[in-house]
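> Pasting in a structure now, in C-alpha cells, and then I'll have a few things to ask.
What follows is calculated from the coordinates using simple rules that are stated; it is not laboratory data. Given the structure is predicted, the values throughout are model-derived calculations rather than measurements. So basically every Cβ, Gly included, is an ideal-geometry build from the backbone, and we count neighbours across all protein chains shown.
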Amino acid sequence: MNLRKHMGLLIIVVAAFAFSLALASPVSAQEQKPTKFVTIGTGGVTGVYYPVGGAISRLINANREQHGIRATVESTGGSIYNLNTIRAGDLDIGVVQSDWQYHAYYGTSRFSDVGPNKKLRALFSIHPESFTVVARKDANVTKFEQLRGKRVSIGDPGSGQRASMDLLLERMGWDHSVFGATFDLKAAEQSIALCNNQIDAMVYFVGHPNGSIQEATTTCDSVIVEVAGPVIDKMIEELPYYRSAVIPGGMYRGNPTEVKTFGVGALLVTSSDLPDDVAYEIVKAVFDGLESFKRLHPALEHLTRQSMATDAIAIPLHAGAEKYFKETGLIK
C-alpha cells in the first residue's frame, strides 16, 4: 500500500515538473520552425531564372532560424505565368522580364483583358537579358527578316520570349503565318529540336552566357541571328523597358563576332500582400550575400547593389524593399 502511494506521488511530481518546464521554456524545435513559407517562380531549368531562384532561396534559408522565412523554388513557364500566378495569389514571388512587369502593372499588351494589377511590386532588379535568335547554319539565316518561310520555335506560351516574339511580329506587321511552321517548345526542348533538324530557328530571351544556347551552338553548326533595324530602333525609342543589346562575339562556337539585338532586364517581383518584414528580409538576405550570388552564373557577375536597386524597375517598389534600400542609402 505504501509502495503504491509512493509511486503515485512520484508520477505526480514528475508530471508537474515536466509541465513547468514546458511552460518556462518553449521547445527549441518550435523556435526554429519557419513562420512564413514563400515560393519563388522562375522559368525553364536550362535558363538563368531557375538557378537564380535557387540561389535566392538558399540565401534566404541560410538564416531562417532568425527571420522565420523558408523559401522554395519552382520551375515555371516563365514571366507571363509568374505574373498571372502572383496576381491570382497562388505564387508569392517571381522572376520576370522588365517589359512584362510593366504591362502587368498597367494592364497593357498581353494583360489588357484582365486589366492593371496595381498590387504588383518590385523587390529588386537582377541581370540584363537579350532577345536571342539561333538558327541552323544550313538555314542560311543571319538577320531576323530572313526567318520568313522557316520552321521557328516561338517559345512556350507562358514565357516572356513568346510574348515578346508576338509583340515584335506585330510591330513588323507579321503574324505566325509568315513562317513555314511554328512550334511552342519549352526552353529545354529547343536546342535539341534545332540540332535534330526539326526546326530551323529558336527564340530565347535570356542572360548570357546561357546553357541552352551553348548546347545549340556546340552540338550542331548554328548561328546567332541579328535582330536590328528601323523597327527595333523605333520600339526601343517608344518603349522605356527595352534597350539596345549586343551578344558578345566569341562567347559561343561558330559565332566569332558580336551580334546586335535588343534587351530587357530581369527582376524579382511580388505582391503588396507580401508582409513588409518578409520582403525586407528577402532583399537583405540577397544583398548581404551578393558576392556569392554573383558567382552563381556569369550573367550575374557585373551586378552592383545600386543597379539592383534601380535598373529596369518600372513599377513601385515593395515597401519592405524600399525600407531596406533607404536604410542602406541606395535610394533616397
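> In whole Å, what is the distance between the alpha-carbon centres of the stretch 218-293 and the stretch 67-103?
About 17 Å separates the Cα centre of the stretch 218-293 from the one of the stretch 67-103.
> Further, regarding this structure: Take every DSSP beta bridge with both residues inside the stretch 129-264 and express the antiparallel ones as a percent of the total, to the nearest 5.
Bridges in the stretch 129-264 that DSSP calls antiparallel: roughly 75 percent.
> If the elastic network links every pair of Cα atoms under 10 Å, which of ASN210, ASN140, ASN255 fluctuates the most in the Gaussian network model of the chain?
ASN140
> Run the dipole for the stretch 129-264 about the Cα centre, Lys and Arg Cβ at +1, Asp and Glu Cβ at -1, nothing else charged, and hand back the magnitude in debye, nearest 20.
220
> Scan around GLU226 for amide H atoms under 5 Å from its own, H built in the peptide plane at 1.01 Å from N, and keep only partners 5 or more places away or cross-chain.
LYS143, PHE144
> Please report the Cα spread of the stretch 129-264 along all three principal axes, rounded to whole Å, starting with the longest.
That gives 38, 32, 27 Å along the principal axes, largest extent first.
> What's the whole-number percent of alpha carbon pairs in the chain lying beyond 28 angstrom?
Here the long-distance tail beyond 28 Å is 46 percent of all Cα pairs in the chain.
> Sticking with this one: Take the Cβ-Cβ distance between GLU291 and GLN214 as r, set R0 to 30 Å, and report the resulting FRET efficiency rounded to the nearest 0.05.
The formula returns an efficiency of 0.75 here.
> Continuing with the same structure: Across all directions of projection, what mean area in square nanometres is found for the Cα convex hull of the stretch 47-164? Write out the running numbers ahead of the final one.
Details: hull surface 36.9 nm².
Over all viewing directions, the stretch 47-164 projects a mean Cα-hull area of 9.2 nm².
> With r defined as the distance between the Cβ atoms of ASN140 and ASN63 and R0 fixed at 45 Å, what FRET efficiency is calculated, to the nearest 0.05?
Rounded to the nearest 0.05, the efficiency is 0.25.
> Among ILE192, ILE199, which comes first, then next, by fewest other beta-carbon atoms within 10 Å?
So the ranking, lowest neighbour count to highest, is ILE192, ILE199.
> Further question on the same structure: In whole angstrom, note down how far apart the Cα centers of the stretch 301-332 and the stretch 155-187 are.
Result: 32 Å between the Cα centres.
> Output ³J(HN,Hα) for the stretch 215-226: one whole-Hz value per residue in order, computed from phi by the Karplus curve 6.51 cos²θ - 1.76 cosθ + 1.60 with θ = phi - 60°, and x for Gly and Pro.
My calculation for the stretch 215-226 gives 5, 5, 7, 8, 6, 9, 6, 8, 10, 8, 8, 6 Hz in order.
> Now, a different point. What is the order of THR270, THR257, THR72, fewest Cβ neighbours within 10 Å to most?
THR257, THR72, THR270
> Using a 7 Å offset from the Cα along the Cα-to-Cβ direction at both GLU258 and ALA88, what is the distance between the two label points in nm, to one decimal?
Label-label distance for GLU258 and ALA88, simple model: 4.2 nm.
> Calculated FRET efficiency, ARG171 and ASP221, Cβ-Cβ r, R0 25 Å, to nearest 0.05?
0.25
> Also: Fewest to most neighbouring Cβ within 10 Å: what's the order for ASP276, ASP200?
Values: ASP276 14, ASP200 23.
Ascending Cβ contact count within 10 Å gives the list ASP276, ASP200.
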